[in-house]
């Protein structure tokens, strides 16, 4: 979970800024069930490495939860369909992490970088 340090996100004083984590998966019970089965049956073909970093088979990973509590940022988690509704002008490959400051959304971790964190 050192990727935030790489991007200088450990700085303090960002209480108004929000880190927006966007999963490459849709919201809803049916989607979550489908994703759960996909991750269990064929994890290597699952398209959301952010999901794999943050959640295990029984819920949010303990180390991820600890990491979030230590951040000096507020956090928001969105699924791809929620992102499209809330921020329609932002079109980048997902998953991704953005820093929202006021009305601006800046990409801080892209899909390739998140995919590269698997197993780290």
Within the range 82-106, how many residues are surrounded by 14 or more Cβ atoms within 10 Å (Cβ to Cβ) and over 11 Å from the mean Cα position of the chain (by Cα)?
8
Take the conditions at pLDDT 80 or above, touching a strand residue (DSSP E or B) at 6+ places or on another chain (Cβ under 6 Å), more than 20 Å from residue 116 (Cα to Cα) and not in a helix (DSSP H, G or I) and apply them to residue 94. Does it pass?
no
Filtering the range 47-73 down to residues that are assigned to a loop (DSSP other than H, G, I, E, B) and over 15 Å from the mean Cα position of the chain (by Cα), which residue is modelled with the lowest pLDDT?
57
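The values are calculated or read from the model by the stated rules, or taken from the named source; none is laboratory data. Source: prediction; values computed, not measured. Neighbour counts run over all protein chains shown; Cβ positions are idealised from the backbone, glycine included.
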